[in-house]
Amino acid sequence: MKQQGIDHFSGKRVWVIGASSGIGEACAKALLLKGAKVALSSRRAERLNVIASTAGADQTLVTPLDVTNNTQLQDGYKTLVSAWGGLDLLLFVSGTYVPLRADNFDIKVAEKTIDANLLGPMRAVALVIPEMLKAHSGHIAIVGSVAGYSGLPKALAYGPSKAAIINFCENLYYDLLPTGVSVHMISPGFVATEATAQNDFEMPALISAEEAASEILAGIQKGEFDIHFPKRFTRFLKFLRILPYPIYFWIVRRFVKI
Ligand SMILES: NC(=O)c1ccc[n+]([C@@H]2O[C@H](COP(=O)([O-])OP(=O)(O)OC[C@H]3O[C@@H](n4cnc5c(N)ncnc54)[C@H](OP(=O)(O)O)[C@@H]3O)[C@@H](O)[C@H]2O)c1
């Protein structure tokens, strides 16, 4: 059994959460160009309004919200459903990254990271699943990270939040495949955005947010569950995670200079 893709995005109702910058902004802009109706969400309303102003008024909705606030997510979803009657694709891109190592591990930062990066997507999925199940159709796409594949330096809260997204997506895929609802787990490598601008090391196989958006939309169209890119980097990381731990940790210590 293979899950459904999307023939074309024209007229499709898409909710992009985390649309104000980086990968989410690039996805929102690409979707608008392809004729989709896009509901734009994140905290910075002014940036969402600027993106919305590039398209027709009937093509966009601006629903500012914080993904750590369930009421705001519920209100955003209600606005979208009353305007458009339903949702074809939830594209959850929002995420936060604060570099943390054992010597500066801060439980408050860890709690905020898990709240935004793991509970945020769970809240959004809980909202959209009932109607998608009734309709026997719909797409749920969540941006995780290759940082969730296995332990890497400077990711003491971010890494676990993204590892949990992989497990969450695997569970969802297993449950939803027979129902007609598609699940897309998105694992980017390094992408040049505001989030990675803070990195003080050379990022291997760095791609632009526009390239990332193009990979994401192509993967969703094809109905792929495991959307990962750029392949020259992600395939190497997928190989690393099947190695025995002593070899894995030796390679990480030898080559990851951060
Ligand atoms: N860039 C990379 O190399 C890379 C690699 C792997 C995975 N990723 C993942 O890709 C996703 C996008 O990252 P990016 O690099 O594009 O980062 P970015 O430019 O910093 O964008 C992050 C987006 O998330 C939104 N956001 C953050 N916290 C939020 C909250 N509490 N409520 C609502 N929206 C929130 C931000 O909007 P507001 O500030 O307006 O709320 C913004 O739209 C993240 O999930 C990230 O973990 C990125």
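Whole Å is fine, so just give me how far the alpha carbon centre of segment 75-132 lies from that of segment 149-208.
Cα centres, segment 75-132 to segment 149-208: 13 Å.
Report the full-extension gain for the segment A126 to K78: residue separation times 0.36 nm, less the Cα-Cα distance, to one decimal in nm.
The span from A126 to K78 would gain 15.9 nm if fully extended.
Per residue of the chain, what 222 nm ellipticity follows from adding -39500 (n - 2.57) for every DSSP H run with n ≥ 4, rounded to the nearest 500?
-14000 deg cm²/dmol
What residues have an amide H closer than 5 Å to that of V191, excluding those fewer than 5 places away on the same chain, when H is modeled at 1.01 Å from N in the peptide plane?
Close amide H contacts, sequence-distant or interchain: I207.
Can you give me the relative contact order of the chain as a percent, contacts being Cα pairs under 8 Å and 6 or more apart?
20
Just A102, A141, A155 to compare: in a GNM of the chain, with alpha carbon springs under 10 Å, which one fluctuates most?
Answer for the Gaussian network model of the chain: A102.
Keeping to pairs on different chains or 8 or more places apart, tell me how many lysine pairs in segment 53-177 have Cα atoms under 17 Å apart.
5
Angle, helix 245-255 long axis vs. longest principal axis of the chain, Cα atoms, 0 to 90°, nearest 10?
Between the helix axis and the principal axis of the chain, the angle is about 90 degrees.
Can you compute the charge dipole magnitude of the chain about its Cα centre, using +1 on each Lys and Arg Cβ and -1 on each Asp and Glu Cβ, nothing else charged? Give it in debye, rounded to the nearest 20.
I would put it at about 480 debye.
Report the net charge of residues surrounding L177, where surrounding means a beta-carbon distance below 14 angstrom and charges are Lys +1, Arg +1, Asp -1, Glu -1.
-3
What ³J(HN,Hα) values, in whole Hz, does the Karplus curve 6.51 cos²θ - 1.76 cosθ + 1.60 give for segment 226-234 when θ = phi - 60°, with x put for Gly and Pro?
With the stated coefficients, segment 226-234 comes to 9, 9, 9, 6, x, 4, 4, 9, 5 Hz.
If the chain between Q198 and R235 were fully stretched, how many nm would it gain, using 0.36 nm times the residue separation less the Cα-Cα distance?
Gain in length upon complete extension: 10.8 nm.
Under a GNM of the chain (C-alpha, springs under 10 Å), which listed residue has the highest mean-square fluctuation: F236, F225, F168?
Most flexible of the set in this elastic network: F236.
Sequence-distant or interchain residues sharing an amide H contact under 5 Å with L61, placed H: which?
V38, A39, L40
Between I166, I227, I107, where does the largest GNM mean-square fluctuation fall for the chain, given springs only between Cα atoms within less than 10 Å?
I107
Show the residues, 5+ positions off or on another chain, whose built amide H is closer than 5 Å to the amide H of G138.
Amide H to amide H, under 5 Å and 5 or more residues apart or across chains, G138 pairs with S182.
If packing is taken as the average count of other Cβ atoms within 10 Å, what order do 23-30, 214-221, 169-176, 199-206 fall into, highest mean first?
Ranked from most to least packed, the peptides come out as 23-30, 214-221, 169-176, 199-206.
Please turn the phi angles of segment 181-192 into ³J(HN,Hα) values with the Karplus equation 6.51 cos²θ - 1.76 cosθ + 1.60 (θ = phi - 60°), one per residue in order, whole Hz, x for glycine and proline.
Couplings: 9, 8, 10, 10, 9, 10, 10, x, x, 6, 10, 6 Hz.
Enter the angle in degrees (range 0 to 90, nearest 10) between the Cα long axis of helix 158-176 and the first principal axis of the Cα atoms of the chain, meaning the one along which they spread out most.
50
So if each residue of separation counts as 0.36 nm, and I subtract the Cα-Cα distance between Q59 and A135, what length gain in nm does that give?
Length difference between fully extended and current span is 25.1 nm.
For K2, list the aspartates and glutamates whose Cα falls under 12 Å from its own Cα; do not include residues on the same chain fewer than 8 positions away.
E224
We did not get these values from a lab; they are worked out from the coordinates using the rules stated. These numbers come from a predicted model, not from an experiment. Virtual Cβ from ideal backbone geometry, glycine too; neighbours counted across all protein chains shown.
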